[in-house]
Amino acid sequence: MTKPLLEVSDIHVSYGRAEVLHGISLEMQPGSIVTVIGANGAGKSTLLNAIMGIVPSKGTILYDGAPVPRSVEERVAAGLCLVPEKRELFSTMSVEDNIELGGFLRNAADRDRTRADVYERFPRLKERRKQLAGTLSGGERQMLALARALMARPRLLLLDEPSLGLAPKIVIDILNIVSELRKTGVSILLVEQNARAALEIADHGYLVELGEVKLSGAASDLASNPALMESYLGTHA
Amino acid sequence: MNSTRLRNIMPLAAFAVVLAILPQLPIPTFWITLMNNIGLASLVAIGLVLLTGVGGLTSFGQATFCGFGAYLTAVLTTNYGFSPWLTLPLSILVGAGVALPLGLITVRLSGHFLPLGTIAWGLAFYYLFGKIEFLGRYDGITAVPPLEIAGYQFFSSSSIFYVIWAFVILTVICAQNLLSSRVGRGIRALRGGGQAAESFGVNIVRAKLIVFVFAAAAAALSGWLYAHMQRSVNPTPFGLNMGIEYLLMAVVGGSGHVWGAIFGSAIVLILKEILQRVMPSLIGSGANVEMIVFGILLVAILQMARNGIWPFVLRFLPAKPPQEIPPTDGNLPKRTLACAGSPLIKVEKARKAFGGLVAVNDVSFEVPAGRIVGLIGPNGAGKSTTFNLITGIASLTSGSVYYQGEPLTGDSPRQIARHGIARTFQHAKILPEMTVLENVALGAHLRGSAGVFKSLLHAERVEEATLLAEAARQIERVGLGAYRDRLAGDLALGQIRIVEIARALAADPAVLLLDEPAAGLRHGEKQELSNLLKKLREEGVAVLLVEHDMGFVMGLVDHLVVLDFGTLIAEGKPADVRQHPAVVAAYLGTAA
Amino acid sequence: MDATIATFLIQDGVTNGAIYALLGLALVLVFAVTRIIFIPQGEFVTYGALSLAVLDGGRVPATTSMLVCFGIAALLFDLWGMRRSFSAPPLLRALGINILLPVAIYAVVTVLAPLQPAPILRAAMAVLIIAPMGYYIYRIAYRPLADATVLVLLIASLGVHLAMMGLGLIFFGPEGLRAEPLSSESFTLGPALVSYQSVGIYITTILIIIGLYFFFERTLIGKALRATAVNRLGARLVGVRTQLTGSTALIMAAAIGAVSGVLIAPITTIYYDTGFMIGLKGFVAAILGGLGNFPLTAVGAIAVGIVEAFASFWASDYKEIIVFSLIIPVLVWLSFSVGSHEEE
């Protein structure tokens, strides 16, 4: 087994005085897709935000064998990239500008090259490059968020609910793109509510419940585990 | 008078005694004059503490209100021979009267327009004072008569000292009275953004106006005293720089504490005295070094001790005893609830679009009295938006919401609260710096009626006691009795959610809307919450529940409504809904 | 009033309005990017104007020493920030920005000032001294408050204003100064007599506005500033540091302030507190534009200038009062156009 790309151990996150993550550990191999699933409110987004450095956390996060840098910006520079649940696009700026800003930390030549790749992957965005990001449809916004993240040439992509609020057909498109991305060597940590679809494209999965890892294992095993259904829909009372 | 009341009064009494003795001691007049100035500044700073620290607003223009008070009495006593005691209420009224329209214009805007406005009119009025012939232009008005009681004239520093500090103590008492009242709770809730307060019937605009007018009145009083102490007025002490200095005093002292205002005024004025006396001999020029020092001090305090210095002093003082609830035989009237099963809330084709995105898509359902209805669905399904449509926080794009057949469309959260619709929030909106008791008492806001003037004079104590008793009762009922006097911010997330439920119960609701009440609760606590809700159902309360803990919902609700993409995809008995294929797909997703 | 006076007043108003427009734009820019309501903007006007006036006399303005002092203070803040993790590259960077740069500017000005170079060079020197102050002020006063509310930042701004105005009083004294105009010639255009100095003001204002447009539309850093204004979290997620955008915005504000000071110094006598009043009129313009709209701010600024010019003709005693009262109808209008709820 190779050296893990990301090793999170015993991470705790509190909002004010209330702890919401109670010691989560996970690890992922380079080039893999790992999914974190669980019902609404389990703490999945918080976990991604902690890994990205948006919320302060206790515990250790090793990235590529070394402690992850301190600030969000340094983490972006080191190759971590988060596509947040709310996308956080620059809504009053053009698609083109959003994409360009994704490569803020890269040099101009590198940015031009990556932009060509990104437009090839998302021809829809190329068509709409003059349009304001705020005028895009839900699916296009998600694509733009992904495209913006790819402009940073990440090694580890953190995706928070990429299917949220999208119609089922578009969800399938987006998840197909995600599994395509892996072929370019990017590792992906995917947080999803759509557990069945997420487990289908992932190598490994973690089921999180109330701020703790309840179950983990190969994605195919998890998909058939009855605990999954229970976690989402509750037991008969 | 009980022991708590006594202990609350003790510090004030001790302070008064020290003050009474001071001028009798062989202290140089210079110090007495300084004390007088501190007293005058304290009056302004107390107003600012209420405005900035408590209400979350701010003003750089308080010196202007001092000017109104000072000029009014100067003109009336010199030109028209009014008695100063007659101009006292007039000065305060003019301060308040000028503040009212200025406040009406700005308090509805976001927080920074008020202070910006105060800078502009602070300057405008400063020039105005200096230009008007009638006010003596920049020379001002001289020969203002001194204060006089029964032939005794308050000429000397040590005699007017008593008048000034008597007014300071009076203002402290009024400010404390106001803060510890029903109206004051509404004002203190402003800092939390006001949304929760508004959902329990607090009129936010009015609460903001009250503090602004109170602060202006206190400043005008200070100006009135100044005119009769100095016995002359000119525009200089009413300029913008003084306005900034007053704010510095409030910030240094700690802008959340009434006593901090006096403390801050003392620090700033003593420092100013030192700078004006010592610095010129050090750097050889009489330039205004205090401007630089005050500027740096203001930034440094914000960087290092945003709550001011008073909290550090408080650590050395004995802790304040917990608020005691005075015994009361008064009981609050209870609402008569509709008979079980009759429809209370009816949502009809409710629709909410944000731009092109439809968050709630023509959803219809009913919430009958004495029933618990669950509203479920995956993340982003539109549950919280539906909640906000019912409580008036968001406005309907189309469709309607009825309460007992009456349309609620277009009503503000405050008006909706009056019907007895009480709610909790998904992201708990409690006021962390207030005790659990005070937080819950906010819920009973609409069950009291005492206004500002009664509160200032503490003439609403009977009503206040019944409100607090009701709040305490609801806290016991939800099982948080042991935490009653703790700061709400010290509680765990799950307990905070329960505090919100107690607050909603204190409103004596006919309909209870709970947004994810079980999140963060441990198993046993969920069981207790479930029992409480069942009990409310028996009493005839209607409950609408947004929840993602399906185990909790299944065993509790009578009826389930499932949303996905803002659309109602299923409703019915919990057991049936759980098997519904669309529901399973919505939750677990379909295979790609 | 006849047509000659009216054209004269309008011309006067437009000239001042152009300055207010520059300041108003800078204020909107700083507020959008950093949420700071930048009251001390006016002090940069004073500093720029007074530095130019002193340079005209062949002397070295006190602002150069102030710049060095600001640099030292900023260095102390940087060192305090590094106390836990100490390494050479950031230390060298801090030394370069906080010590080397101000000392170099100090040296250049000290050498050049007695030589009395051409007016345009003197103006450039004045701007060169003042612009870096924006960076140091950000580092010292605002960066430690990055997480604070708009209200706290506003109170801090008043503190910075007070301190900077006090420094201006100490270093330049209570006496007013006036700089030499770049040109004292004028020409007639129809009924109006136009001075080259005011033409210079119009051209500079227009050039700066065009420059700002290109900066925000065409450069990556300009887009990063806009992105920060639109979505702060989004900007951080693509690697844009808050400190970078914050200090850039303040350097731009200081430079624009200094340019305004340099432009206005030959036509008005500048006292230590004049800049503050000029800056506040820029604020009135920015508020007319709702604190967020660039074109409206520019139009508002011209309106403020014209109202001021006519007010000083008809009721010169009440000039300031009329100008500052302009914001009241705007606040009334803003107040009634916001919904009472749904604000959040």
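Looking at B:Ser455, B:Ser384, just one residue is part of a helix (DSSP H, G or I), of a type in the set (Ser, Thr, Tyr) and under 20 Å from the mean Cα position of the chain (by Cα), and that residue is B:Ser455. Only residues that are among the small types (Gly, Ala, Ser), surrounded by fewer than 19 Cβ atoms within 10 Å (Cβ to Cβ) and within 25 Å of A:Pro168 (Cβ to Cβ) were counted in segment B:535-592, giving 4. Applying the condition of being crowded, with 24+ Cβ neighbours inside 10 Å and of a type in the set (Val, Ile, Thr) to segment C:115-159 and asking which residue is nearest to the other protein chains (Cβ to nearest Cβ) yields C:Ile155. Filtered by the rule that a residue be in a helix (DSSP H, G or I) and either β-branched (Val, Ile, Thr) or at pLDDT below 90 (or both), segment B:238-258 gives B:Leu240, B:Asn241, B:Ile244, B:Val251, B:Val252, B:Gly253, B:Val258. When B:Gly551 is tested against (1) within 9 Å of another protein chain (Cβ to nearest Cβ); (2) within 23 Å of B:Gly524 (Cα to Cα); (3) modelled with pLDDT of 80 or more, exactly one condition is not met: (3).
Take the conditions (1) of a type outside the set (Phe, Trp, Tyr); (2) under 23 Å from B:Ser156 (Cβ atoms); (3) crowded, with 23+ Cβ neighbours inside 10 Å; B:Ile46 misses just one of them, which is (2).
Can B:Ser158 be described as modelled with pLDDT under 90 and touching a Pro at 6+ places or on another chain (Cβ under 6 Å)? Yes: the conditions hold for B:Ser158.
Quick grid of which residues meet (1) surrounded by 24 or more Cβ atoms within 10 Å (Cβ to Cβ); (2) within 14 Å of chain A (Cβ to nearest Cβ):
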residue: C:Ala235; (1), (2): yes, yes
residue: C:Val240; (1), (2): yes, yes
residue: C:Met277; (1), (2): no, no
residue: C:Gly282; (1), (2): yes, no
residue: C:Phe294; (1), (2): no, yes
residue: C:Phe324; (1), (2): yes, no
residue: C:Phe336; (1), (2): no, no
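Within segment C:73-126, the set of residues being polar (S, T, N, Q) and over 22 Å from C:Ala254 (Cβ atoms) comprises C:Ser85, C:Ser87, C:Gln116. Can you say whether C:Arg93 is of a type in the set (Lys, Arg), assigned to a helix (DSSP H, G or I) and over 23 Å from C:Leu169 (Cβ atoms), as far as the supplied structure shows? Here the answer is yes, as C:Arg93 does meet what is asked. Of the listed requirements (1) surrounded by fewer than 22 Cβ atoms within 10 Å (Cβ to Cβ); (2) touching a strand residue (DSSP E or B) at 6+ places or on another chain (Cβ under 8 Å); (3) of a type outside the set (D, E, K, R), A:Thr114 misses just one: (2). Of all residues in segment B:554-578, exactly one satisfies the criterion of being within 21 Å of B:Asn379 (Cα to Cα), free of Cβ contacts under 8 Å to residues at least 40 places away in the same chain, of a type outside the set (A, V, I, L, M, F, W, C) and within 10 Å of chain A (Cβ to nearest Cβ), namely B:Arg578. Here segment B:238-261 is the region considered, the condition is being more than 24 Å from B:Arg185 (Cα to Cα) and among the small types (Gly, Ala, Ser), and the residue that is farthest from the chain's Cα centre (by Cα) is B:Gly239. Does any residue of segment A:31-39 turn out to be in the same structural domain as A:Val213 (by TED's automatic domain parsing) and over 21 Å from A:Asp221 (Cα atoms)? Taking every residue of segment A:31-39 in turn, none turns out to be in the same structural domain as A:Val213 (by TED's automatic domain parsing) and over 21 Å from A:Asp221 (Cα atoms). In a residue-by-residue description of segment B:57-78, the property of being modelled with pLDDT of 90 or more, surrounded by fewer than 22 Cβ atoms within 10 Å (Cβ to Cβ) and within 37 Å of the chain's Cα centre (by Cα) applies to at least one position. Do you know which of the residues in segment B:22-81 that are out of contact with any helix residue (DSSP H, G or I) (no Cβ under 8 Å at 6 or more places or on another chain) and hydroxyl-bearing (Ser, Thr, Tyr) is farthest from the other protein chains (Cβ to nearest Cβ)? Only one residue tops the list, namely B:Tyr80. Output yes when any residue across segment C:100-112 is touching a Ser or Thr at 6+ places or on another chain (Cβ under 8 Å), in contact (Cβ under 8 Å) with a residue 40 or more places away in the chain and surrounded by fewer than 14 Cβ atoms within 10 Å (Cβ to Cβ), and no when none is. Yes, that holds for at least one residue.
Considering only residues in segment B:245-258 that are in contact (Cβ under 8 Å) with a residue 60 or more places away in the chain and in contact with a Gly (Cβ under 8 Å, 6 or more places away or on another chain), the one that is farthest from the other protein chains (Cβ to nearest Cβ) turns out to be B:His257.
A:Gly38 satisfies every condition listed in (1) touching a residue at least 60 places away in the same chain (Cβ under 8 Å); (2) away from chain B (no Cβ under 14 Å) except (2). Apart from one condition, B:Tyr152 fits all of (1) in contact with a strand residue (DSSP E or B) (Cβ under 9 Å, 6 or more places away or on another chain); (2) more than 25 Å from B:Phe238 (Cα to Cα); the exception is (1). Would you confirm, using the coordinates I've provided, whether B:Ala381 is farther than 30 Å from A:Leu164 by Cβ, touching a residue at least 24 places away in the same chain (Cβ under 8 Å), crowded, with 17+ Cβ neighbours inside 10 Å and not assigned by TED's automatic domain parsing to the domain that holds B:Val172? No, not satisfied. Count of segment B:5-26 residues, restricted to those that are over 35 Å from the mean Cα position of the chain (by Cα), surrounded by fewer than 13 Cβ atoms within 10 Å (Cβ to Cβ) and either of a type outside the set (S, T, N, Q) or not assigned by TED's automatic domain parsing to the domain that holds B:Leu225 (or both), is 3.
Could you pull out the residue among C:Ala74, C:Ala94 that is crowded, with 16+ Cβ neighbours inside 10 Å, under 14 Å from C:Tyr135 (Cα atoms) and modelled with pLDDT under 95?
Of C:Ala74, C:Ala94, the one residue that is crowded, with 16+ Cβ neighbours inside 10 Å, under 14 Å from C:Tyr135 (Cα atoms) and modelled with pLDDT under 95 is C:Ala94.
Picking from A:Arg155, A:Arg124, which residue would you name as being under 29 Å from A:Glu200 (Cβ atoms), of a type in the set (Lys, Arg), at pLDDT 90 or above and within 13 Å of the chain's Cα centre (by Cα)? It would help to see each step written out before you state the result.
Details: A:Arg124 fails: within 13 Å of the chain's Cα centre (by Cα).
A:Arg155 is the lone residue from the list that is under 29 Å from A:Glu200 (Cβ atoms), of a type in the set (Lys, Arg), at pLDDT 90 or above and within 13 Å of the chain's Cα centre (by Cα).
Being more than 8 Å from every other protein chain (Cβ to nearest Cβ) and under 16 Å from B:Tyr587 (Cα atoms): is that true of A:Leu166 here? In short, yes.
The residue that is farthest from B:Thr58 (Cα to Cα), among those in segment B:97-121 that are in contact (Cβ under 8 Å) with a residue 60 or more places away in the chain and touching a Phe, Trp or Tyr at 6+ places or on another chain (Cβ under 6 Å), is B:Val98.
The set of residues in segment B:483-500 that are touching a Leu at 6+ places or on another chain (Cβ under 6 Å) and among the small types (Gly, Ala, Ser) contains only B:Gly494. Of C:Leu79, C:Leu23, all but one fail to be of a type outside the set (Gly, Ala, Ser), within 30 Å of C:Val194 (Cβ to Cβ), touching a helix residue (DSSP H, G or I) at 6+ places or on another chain (Cβ under 8 Å) and part of a helix (DSSP H, G or I); the exception is C:Leu23.
The values are calculated or read from the model by the stated rules, or taken from the named source; none is laboratory data. Since the structure is predicted, the reported quantities are computational estimates derived from the model, not experimental observations. Here the Cβ is made from the backbone with ideal geometry for all residues, glycine too, and neighbour counts use every protein chain on show.
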